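Structure first, then comments.
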Amino acid sequence: MQLPFDNSYARLPDRFFARLAPTPVAAPRLLKLNLPLAQELGLDPAWLASDEGVEVLAGNRVPEGSEPLAQAYAGHQFGGFVPQLGDGRAILLGEVVARDGMRRDIQLKGSGPTPFSRRGDGRAALGPVLREYVVSEAMHALGIPTTRSLAAVATGEAVYRETALPGAVLTRVAASHIRVGTFQYFAARQDLDGLRMLADHAVARHDPQAAGAPNPYRALLEGVVARQAALVARWMLVGFIHGVMNTDNTTVSGETIDFGPCAFLDAYHPGQVFSSIDHQGRYAFGNQPRIALWNLTRLAETLLPLLAAEEAAAIEVAQEVLAGFAPRFEAAWLGGLVRKVGLEAVQEGDGDLLEDLLLRMAENEADFTLTFRSLADAAAGPGGEAAVRALFKDPAAFDAWAPRWRARLAQEGRAPEAVRAAMRAVNPAFIPRNHQVERVIAAAVQGDDLAPFEALLAVLARPFDDQPGAADYALPPQPEERVLATFCGT
Ligand code: AMP
Ligand code: MG
């Protein structure tokens, strides 16, 4: 077996999915293969890149050991419940156990219609496939839990959106594809057996220690709450806006999933929205923790029948667990911010100090990434301050804050060079800036040129290293380069 499948989801009852193979495409062509990821998964990159391997990655050949299926799920989209969504353009080929001992889903995205496609064509356009590839791999390099991209294959077929676009298939790798919406699917059908089997499967995969807890389903909910609180804090500490935090795009594993209209902040503003369809700002940068808790509350509701025999007692358990979200998020967010400005431990008053900085950044349209990265140089000595000041429309706004920060650094008393090194290890120089992502997509889609995509990937693989030849990639967009809206890319 070239892909050593060890499938567990396919063992669940038939109502969890539809069994079907991917729909073959006209002319598969490998665009990108992720060699390090293939190795982590214990897969042979040479085979994956062979004609046979590319046929598998395109969905033209079902490999030995695969039990292809489209998963059923439901979900709240922008607050409105849709009882049936499901994999409308994805096929789970199966699971492999990676070198680290962790089980990973291997899924094709853009692999043709399924019973869950509704009015969609089951396909993906090249642009959104490359966007997911770049951004998911950048997230991984930043150390943030995420689904990953093993390969991108051109289909040789057109997909029709507003215009005809080149089609592609992404091979996505995930700890699982179990979503809050998967639980909602069974809860909406009052399928208690299905719900329990799903919960047991999730426990086995993501919270094995919960199996021995007095109340395993409570422990599962605690695990999801903890992972999502940590995840959203991690996103925000690098300026990431997911853009479409629907419950069907919220994993139980705590991995980031579905890189549709996502974007990274250039200038900091808590109200920032890029998604063209997020008219109310529901998924704005600063709203993400509230939305995560809202999504987790939907998960808790589905679990009520499992949490206790009596509903009142179950609600009490759910509320207790959900109450853990805010302190976990706050600790991860403030702890992370404090490290971003070079402090080791949170002290009273640090919340004010950091809020004051963020307020001044917002008022002065300071670039989020560059402010923290250049602050590291300022930590090494006052000579480094010029670059930070220049990021503020009114540099005096930074000057008024800096002495408070310096006083706090002095109180910790670490050597300036040690502070600088610690700051550079948590404040990336390189993030997938929207204008760069759009630029490399345009080169691939319009000019069939993947060199800019490869170059951007190489830079983003080392986000915390200075890369002298890549200085341009660290810069915010010029006014004419600025990306004002991002799209779902379905
Ligand atoms: P998303 O907004 O990408 O998370 O997708 C929401 C739902 O729409 C999921 O059920 C997807 O499978 C489905 N979907 C998105 N794009 C397509 C497409 N091109 N064809 C079929 N289903 C799709
Ligand atoms: Mg989705």
Is it the case that the range 68-77 has a residue that's open to solvent by less than 20 Å² (accessible area, probe 1.4 Å), assigned to a strand (DSSP E or B), farther than 22 Å from Tyr185 by Cβ and of a type outside the set (Lys, Arg)? no
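Yes/no matrix, rows are residues, columns are (1) within 16 Å of ligand 1 (Cβ to nearest atom); (2) touching a residue at least 24 places away in the same chain (Cβ under 8 Å):
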| site | (1), (2) |
| --- | --- |
| Gly239 | no, yes |
| Asn246 | yes, yes |
| Ile257 | yes, yes |
| Cys262 | yes, yes |
| Asn287 | no, no |
| Leu299 | no, yes |
| Leu304 | no, no |
| Glu310 | no, no |
Please verify whether Pro270 is open to solvent by 30 Å² or more (accessible area, probe 1.4 Å) and either away from ligand 2 (no atom under 16 Å from the Cβ) or not in a helix (DSSP H, G or I) (or both), treating the condition exactly as stated. yes
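Could you tell me how many of the residues in the range 451-490 are within 30 Å of Arg118 (Cβ to Cβ) and assigned to a loop (DSSP other than H, G, I, E, B)?
Step one: filter the range 451-490 for residues within 30 Å of Arg118 (Cβ to Cβ), giving 483-490.
Then keep just the ones that are assigned to a loop (DSSP other than H, G, I, E, B); that gives 483-485, 487-490.
Final tally of qualifying residues: 7.
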Matching residues in the range 418-439 - criterion: being out of contact with any Lys or Arg (no Cβ under 9 Å at 6 or more places or on another chain) and more than 22 Å from Leu353 (Cβ to Cβ): Ile431, Arg433, Gln436, Arg439
Residues being among the aromatic types (Phe, Trp, Tyr) and under 29 Å from Pro45 (Cβ atoms): count how many of those fall in the range 1-16. 2
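Residue by residue, here is whether (1) more than 16 Å from ligand 2 (Cβ to nearest atom); (2) over 14 Å from Arg172 (Cα atoms); (3) assigned by TED's automatic domain parsing to the domain that holds Ser253; (4) surrounded by 17 or more Cβ atoms within 10 Å (Cβ to Cβ) holds:
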| site | (1), (2), (3), (4) |
| --- | --- |
| Asp44 | yes, yes, no, no |
| Arg103 | yes, no, no, yes |
| Gly122 | no, yes, no, yes |
| Val134 | yes, no, no, yes |
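Please go through the range 465-490 and pick out each residue that is aliphatic (A, V, I, L, M), open to solvent by 60 Å² or more (accessible area, probe 1.4 Å) and modelled with pLDDT of 95 or more.
Here is the first cut: in the range 465-490, the residues aliphatic (A, V, I, L, M) are 470-471, 474-475, 483-485.
If we keep only those that are open to solvent by 60 Å² or more (accessible area, probe 1.4 Å) as well, we get 475, 484.
Listed by number, the list holds a single entry, Leu475.
If I filter the range 46-65 down to residues being more than 22 Å from Ala124 (Cα to Cα) and of a type outside the set (A, V, I, L, M), which single residue comes out as surrounded by the fewest Cβ atoms within 10 Å (Cβ to Cβ)?
Here is the first cut: in the range 46-65, the ones more than 22 Å from Ala124 (Cα to Cα) are 46-47, 50, 64-65.
Those still in the list that are of a type outside the set (A, V, I, L, M) too: 47, 50, 64-65.
Values: Trp47: 13, Ser50: 14, Glu64: 11, Gly65: 15.
So, considering only residues that are more than 22 Å from Ala124 (Cα to Cα) and of a type outside the set (A, V, I, L, M), the one surrounded by the fewest Cβ atoms within 10 Å (Cβ to Cβ) is Glu64.
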Could you check Ile441 against (1) on the phi > 0 side of the Ramachandran plot; (2) open to solvent by less than 50 Å² (accessible area, probe 1.4 Å) and say which number it fails? (1)
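Could you run through the range 465-490 and say how many residues are touching a Phe, Trp or Tyr at 6+ places or on another chain (Cβ under 9 Å) and either under 21 Å from Ile241 (Cβ atoms) or within 16 Å of ligand 1 (Cβ to nearest atom) (or both)? Walk me through it before giving the result.
Let us first name the residues in the range 465-490 that are touching a Phe, Trp or Tyr at 6+ places or on another chain (Cβ under 9 Å), namely 465, 467, 470, 473-474, 483-486, 489.
Among the residues that remain, those that are also either under 21 Å from Ile241 (Cβ atoms) or within 16 Å of ligand 1 (Cβ to nearest atom) (or both) are: 473-474, 483-486, 489.
Within the range 465-490, residues that are touching a Phe, Trp or Tyr at 6+ places or on another chain (Cβ under 9 Å) and either under 21 Å from Ile241 (Cβ atoms) or within 16 Å of ligand 1 (Cβ to nearest atom) (or both) number 7.
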Just to be sure I understand, how many residues within the range 55-75 are polar (S, T, N, Q), away from ligand 1 (no atom under 16 Å from the Cβ) and touching a Leu at 6+ places or on another chain (Cβ under 7 Å)? 1
Which numbered condition Ser276 misses (of (1) more than 16 Å from ligand 2 (Cβ to nearest atom); (2) open to solvent by 20 Å² or more (accessible area, probe 1.4 Å); (3) modelled with pLDDT of 95 or more): (3)
Which of the residues spanning the range 400-428 are in contact with a Phe, Trp or Tyr (Cβ under 7 Å, 6 or more places away or on another chain) and not charged (D, E, K, R)? Ala425, Asn427, Pro428
Can you tell me which residue in the range 89-101 is nearest to Pro22 (Cα to Cα), limited to those that are surrounded by fewer than 18 Cβ atoms within 10 Å (Cβ to Cβ) and out of contact with any helix residue (DSSP H, G or I) (no Cβ under 9 Å at 6 or more places or on another chain)? Val97
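So which residues in the range 8-48 are in a helix (DSSP H, G or I), more than 27 Å from the chain's Cα centre (by Cα) and not basic (Lys, Arg), if there are any at all? Spell out the reasoning first.
Kept after step one, since they are in a helix (DSSP H, G or I), are these residues of the range 8-48: 9-11, 14-16, 35-40, 45-48.
From the residues that got through so far, the ones that are more than 27 Å from the chain's Cα centre (by Cα) too are 11, 14-15, 46-47.
Selection gives Asp14, Ala46, Trp47.
The values are calculated or read from the model by the stated rules, or taken from the named source; none is laboratory data. From a predicted model like this one, the values you see are computed outputs, not experimental measurements. Note: ideal-geometry Cβ built from the backbone for every residue, glycine included; neighbour counts use all protein chains shown. Each accessible area value is taken on the protein alone, full model and side chains, heavy atoms only, with ligands, DNA and RNA left out. Shrake-Rupley method; radii C 1.70, N 1.55, O 1.52, S 1.80 Å.
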